[in-house]
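Data block below; observations after.
The values are calculated or read from the model by the stated rules, or taken from the named source; none is laboratory data. Computed from a predicted model, the values in this text were never measured in an experiment. Cβ placement follows ideal geometry from the backbone for every residue including glycine, while neighbour counts extend to all protein chains displayed. We work out accessible area using only protein heavy atoms, side chains counted, and drop any ligands, DNA or RNA first. Shrake-Rupley method; radii C 1.70, N 1.55, O 1.52, S 1.80 Å.
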Amino acid sequence: QVQLVESGGGLVQAGGSLKLSCAFSGGTFSNYNMGWFRQAPGKEREFVAAISRSGRTTYYTDSVKGRFTISRDNAKNTVSLQMNSLKPEDTAVYYCAGDSGVTLKKTATTYDYWGQGTQVTVSS
């Protein structure tokens with residue numbers, strides 16, 4: 001059974017940085033496209049970033065382009081999200097997700113496995 005465990009969330013001032021990590025276990029990591037999603041209070045879960053199995057292809061939502069970087073280490077079974085120049089509107093619970101499909105997707109419903117989430121709070 002695939003398990004995903006996020007870490008690295010916390011409280012940071014606007015303009016600061018955080019790095020989220022997600023540890024994958026229970027399967028072959030390199031067989032999964034990986035994504036990060038977030039959900040703010042009272043809002044729907046939204047796509048943040050995704051990375052292909054090889055790491056060669058990445059997608060970002062427009063609001064984080066140039067500020068966030070997704071990466072993966074297939075030898076360590078981890079995917080990370082480096083978040084710079086954080087804004088109060090980035091405040092949310094951030095979720096790591098894995099998709100066994102072939103094509104890299106931005107849609108939450110296509111992802112098979114989810115972590116428990118980690119809180120990111122950006123103060124103004």
Exercise for review: Determine the distance separating the Cα centre of region 32-109 from the Cα centre of region 1-29; give it in Å without decimals.
Suggested key: 10
**Study point:** For region 36-42, Karplus couplings with θ = phi - 60° (6.51, -1.76, 1.60), whole Hz, Gly/Pro x
**Key:** 10, 10, 9, 9, 8, x, x
Check your understanding: Suppose every K and R has +1 on its Cβ and every D and E has -1 on its Cβ; what is the size of the dipole of the chain about the Cα centre, in Debye to the nearest 20?
Key -> 260
Check your understanding: Amide H of G16: which non-local residues (sequence gap of 5 or more, or other chain) have their own amide H closer than 5 Å, using H built in the peptide plane?
Key -> L86
Check your understanding: In square angstrom, rounded to the nearest 10, how much accessible surface does V93 have for a 1.4 Å probe?
Key -> 40
**Study point:** Dipole magnitude of region 49-96 about its Cα centre (Cβ charges: Lys, Arg +1; Asp, Glu -1), debye to nearest 20
**Key:** 220
Exercise for review: May I ask you to evaluate 6.51 cos²θ - 1.76 cosθ + 1.60, the Karplus curve with θ = phi - 60°, for each residue of region 9-24 and list the ³J(HN,Hα) values in order in whole Hz, giving x for glycine and proline?
Suggested key: x, x, 9, 9, 7, 3, x, x, 10, 9, 10, 8, 10, 9, 9, 9
Review point. Taking θ as phi - 60°, what are the ³J(HN,Hα) couplings along region 28-34 by the Karplus curve (6.51, -1.76, 1.60), each to the nearest whole Hz, with x for Gly and Pro?
Key: 9, 4, 5, 8, 10, 6, 10
Check your understanding: Over the chain, what is the relative contact order in whole percent, taking alpha-carbon pairs under 8 Å and six or more residues apart?
Key -> 36
